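The values are calculated or read from the model by the stated rules, or taken from the named source; none is laboratory data. Computed from a predicted model, the values in this text were never measured in an experiment. We place every Cβ from the backbone using ideal geometry, glycine too, and count neighbours over all the protein chains shown. Note: areas computed on protein heavy atoms with side chains; ligands, DNA, RNA excluded. Shrake-Rupley method; radii C 1.70, N 1.55, O 1.52, S 1.80 Å.
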Amino acid sequence: MEPHPGTPSLSVSPGCITPGQSSLLPSLPLSPETLHFDEDDDLEVFSKDTTLTDGNSFSPLILTSPSSMTNQYKFEDEPDVKDIFITVDEPESHITAIETFITYRIATKTTRSEFDSSEFEVRRRYQDFLWLKSRLEDAHPSLIIPPLPEKFIVKGMVERFNDEFIETRRKALHKFLNRIADHPTLTFNEDFKIFLTAQAWELTSHKKQGPGLFSRMGQTIKAVASSVRGVKNRPDEFTELVEYVDAFSQKINVLDKITQRIYKEEKDYYEEMKEYGPIHTLWSASEEDLVDPLKGVAGCIDRCCKVTETLNSKLSGELIPVIHEYVLYSETLSGVLKRRDLIQAELDAKVETLNNKKVDREILKEEVDKLEDKVECANNALKADWERWKQNMQCDLKLAFTNMADSRIDHYEECLATWETFLSSQTSDLQLDTKRDDQS
């Protein structure tokens, strides 16, 4: 497939991609100017200088090493035709002597030749999703793996199995799998395929073949040691990216808290307003001369209640999940950058050893060359994935904000029309009564 005209392309070393995988390596738009925030007012989450849609000169690395095989493989543009469709639905409770848990049906339809069939249906629990995410991070340490919803909600485990929580989690798991399916590299991961197609016993058997506990502990210890030691030769562009992620994390967390607070306040307002209408109806029974006006007010309040409930549903179902997903994404981005730094630190340590050692230099030089290719590959993959993530983030947040703005306008217009109609009817009645008084 030919890339789009004007799309920059970078070549990569063998091992960065596998057959059938494709990606795009555009430049990384980012500059210090995009990191200016208004620190005085937490309601102004993104200041005018913090434009998430502006591009700039965050350029890819220029690869000049004559020993690298960067001219042999090139990323291609992403395919235009979607060839895999995944649905997460039908949550089901399971109660055993040891635990209670929920499984979800994963229905997959695909036209890919590497799948044995065109349709699959399996059931997975939350722990299986955690396993898949862990395997993707191990296989693609410098790619941005979509986040999973938290294991427990803030309110605690008591409400972990109520319908609202289960539905919220189902939607998040559905989005998680479809983000992987839409990713040009992750979608071809073998563990992802097994997750979608293997029966329960097959998946259990496959899990046992993964890295053991002590292996994972060793990787964690190496990561901690690397973070303590620090990275000496991190490219400036990734330092800028770390600063951007820190600033983004701060602002999106503030935005998440404010949105949650607004939702709570509007939900409380709705609950109070539900009791406001019936009071006017009861009052009308004891005020013979105010029966129609009081019943009219009660009717207006009831109609405003309904449109307020609709607005709150959109806030909780459309805006809050999008913002909170990017709160989780900010944590994911920090993890990706730490994994990239770990690879860089491994190279730095090996180069230092090579410079200080007088024997076995040939073996060390060969190891350094391999690590240089590994770092080069990780940098390119991260930059390409960062650009892709940034475009998705801008699109998701823009759509969520504009949809909520439209919902707000619709809400206020309906409430205003309701009260204007009532006011018009009362004005007409008052004019008729005045005319009758004048005639008499």
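A quick yes/no check of all residues on (1) among the hydroxyl-bearing types (Ser, Thr, Tyr); (2) in contact with a Pro (Cβ under 8 Å, 6 or more places away or on another chain); (3) under 30 Å from residue 166 (Cβ atoms):
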residue	(1), (2), (3)
239	yes, no, no
251	no, no, no
270	yes, no, yes
278	no, no, no
295	no, no, no
300	no, no, no
304	no, no, no
321	no, no, yes
329	yes, yes, yes
| note | Checked against (1) within 23 Å of residue 309 (Cβ to Cβ); (2) open to solvent by 90 Å² or more (accessible area, probe 1.4 Å), residue 418 satisfies every condition except (2)
| Here is a list of conditions, (1) under 22 Å from residue 259 (Cα atoms); (2) touching a residue at least 24 places away in the same chain (Cβ under 8 Å); (3) not acidic (Asp, Glu), and residue 409 meets all of them except one; can you say which number that is? | (2)
| note | Result of the Cβ filter at 9 Å on segment 182-203, keeping first residues that are within 18 Å of residue 103 (Cα to Cα) and in contact (Cβ under 8 Å) with a residue 24 or more places away in the chain and partners that are in a helix (DSSP H, G or I) and aromatic (Phe, Trp, Tyr), at least 6 apart or interchain, is 195/129; 195/131; 203/131; 203/195
| Does residue 279 satisfy being open to solvent by 30 Å² or more (accessible area, probe 1.4 Å) and assigned to a helix (DSSP H, G or I)? | yes
| message | If I filter segment 391-401 for residues that are surrounded by fewer than 19 Cβ atoms within 10 Å (Cβ to Cβ), among the hydrophobic types (A, V, I, L, M, F, W, C), more than 17 Å from the chain's Cα centre (by Cα) and farther than 22 Å from residue 233 by Cα, do I get at least one hit? | response | no
| request: Among the candidates 314, 350, 338, single out the residue that is closer than 21 Å to residue 240 by Cα, out of contact with any Pro (no Cβ under 8 Å at 6 or more places or on another chain), assigned to a helix (DSSP H, G or I) and among the charged types (D, E, K, R). | output: 338
| task | Output the residue which, of all residues in segment 338-358 that are out of contact with any helix residue (DSSP H, G or I) (no Cβ under 8 Å at 6 or more places or on another chain) and charged (D, E, K, R), is modelled with the highest pLDDT. | result | 348
| message | on the phi < 0 side of the Ramachandran plot, modelled with pLDDT of 90 or more, loosely packed, with under 13 Cβ neighbours inside 10 Å and assigned to a helix (DSSP H, G or I): is that true of residue 289 in this structure? | response | no
| note | From the option list 101, 85, single residue qualifying as open to solvent by 20 Å² or more (accessible area, probe 1.4 Å), in contact with a His (Cβ under 8 Å, 6 or more places away or on another chain) and assigned to a strand (DSSP E or B) is 101
| request: Take residue 138 and decide whether it is at pLDDT 90 or above, under 30 Å from residue 342 (Cα atoms) and touching a strand residue (DSSP E or B) at 6+ places or on another chain (Cβ under 9 Å). | output: no
| task | Being among the β-branched types (Val, Ile, Thr), surrounded by 11 or more Cβ atoms within 10 Å (Cβ to Cβ), modelled with pLDDT under 95 and within 30 Å of residue 341 (Cα to Cα) narrows it down to one of 110, 34, 64, so name that one. | result | 34
| field | Residue count for segment 300-325, restricted to those that are without any contact (Cβ under 8 Å) to a residue 24 or more places away in the chain and open to solvent by less than 20 Å² (accessible area, probe 1.4 Å) | value | 0
